[in-house]
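The values are calculated or read from the model by the stated rules, or taken from the named source; none is laboratory data. Just so you know, these numbers come straight off a predicted model, no measurement behind them. Quick reminder, even Gly has a Cβ in these numbers, built from the backbone with ideal geometry, and neighbours come from all protein chains shown.
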Ligand SMILES: Nc1ncnc2c1ncn2[C@@H]1O[C@H](COP(=O)(O)OP(=O)(O)OP(=O)(O)O)[C@@H](O)[C@H]1O
């Protein structure tokens, strides 16, 4: 597998803020790489370095084997920024032609519009589009020149469910046609739906870099759900990484609370629970979703595990 881009011990500071802290990462051809992290984790900074829009404070960023701040190394790069800004007075088809003209092998306008679901908007001026329509067009623009590498910063923010699913299908189709994609997202289900590989970042550091399944299994989290009148004490038992009152789990009429506990080892935790003698009922155990695994990863960075007050 070819390496298309690489960060080698990259640190980027903004004044006293360290947005990226000694990050090393390779982007390999053919993959959809999901960048996952809370607000301010450093995801957008990583993309701007890959786009050559900023330089690292230290370390090396390489795009197609060269320095991304030099235009010739960006020739096969497509990207969609977090903020969508299309020129108000141009028609949609004109914006597509303008962007695609920079690439030697463009996707025909009608095909792109069909794939990304805006065939009916081609003659519309950009200023007259809704936020969601602009977003779909901005994502499509990243693919307009069949770039080898596409960077998508929160591509489906603000889109409804149907529009998001449509975009995911289009992104997958372009990957099948040979594009490599890096996608940041706040929607964890988006990363689960798209990514082959997941990089979890928090506070500028890479906490995990592995296949989707491996990231899930690496944290080996399980969710133990139960009801108990002693919720607080159960949440404080050894082995609990995170404790949360389940949705709709307000104290019920019988004085018990429903709890969802993220634990590293469910067998061990159940033994601890039984030994504690604390009352519980309706215990259920299941594997953690990516979202839950991600939360467990990011909250376990400090010395002590986080316990959300229950
Ligand atoms: N131009 C800048 N000047 C000062 N600080 C900045 C600048 N750009 C980013 N930062 C800081 O660097 C850190 C990382 O920001 P970044 O935008 O990369 O995070 P992110 O993971 O993309 O967050 P979000 O999910 O909220 O978009 C944050 O603390 C942010 O405030």
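Here are a few things to note about the model shown:
- Some residue of the range 50-71 being free of Cβ contacts under 8 Å to residues at least 12 places away in the same chain, surrounded by 15 or more Cβ atoms within 10 Å (Cβ to Cβ) and within 12 Å of the ligand (Cβ to nearest atom): no
- Selection from the range 160-189 of residues that are in contact with a helix residue (DSSP H, G or I) (Cβ under 7 Å, 6 or more places away or on another chain), more than 16 Å from residue 79 (Cα to Cα) and in contact (Cβ under 8 Å) with a residue 60 or more places away in the chain: 188
- Where residue 280 falls short, out of the listed (1) modelled with pLDDT of 90 or more; (2) in the same structural domain as residue 152 (by TED's automatic domain parsing): (2)
- Of all residues making up the range 71-102, the number that are assigned to a strand (DSSP E or B) and either within 28 Å of the chain's Cα centre (by Cα) or under 12 Å from residue 51 (Cα atoms) (or both): 4
Condition check ((1) free of Cβ contacts under 8 Å to residues at least 12 places away in the same chain; (2) within 21 Å of residue 149 (Cα to Cα); (3) surrounded by 19 or more Cβ atoms within 10 Å (Cβ to Cβ); (4) assigned by TED's automatic domain parsing to the domain that holds residue 78) across all residues:
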position: 9; (1), (2), (3), (4): no, no, no, yes
position: 25; (1), (2), (3), (4): no, yes, yes, yes
position: 28; (1), (2), (3), (4): no, yes, no, yes
position: 38; (1), (2), (3), (4): no, no, no, yes
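- Qualifying residue in the range 2-25 (condition: within 23 Å of residue 200 (Cα to Cα), away from the ligand (no atom under 16 Å from the Cβ) and assigned to a loop (DSSP other than H, G, I, E, B)): yes
- Residue that is farthest from the ligand (Cβ to nearest atom) [pool: residues in the range 159-182 that are under 15 Å from the mean Cα position of the chain (by Cα) and surrounded by fewer than 23 Cβ atoms within 10 Å (Cβ to Cβ)]: 168
- Leading residue by the ranking (nearest to the chain's Cα centre (by Cα)) among those in the range 26-42 that are over 18 Å from residue 68 (Cα atoms) and more than 16 Å from the ligand (Cβ to nearest atom): 32
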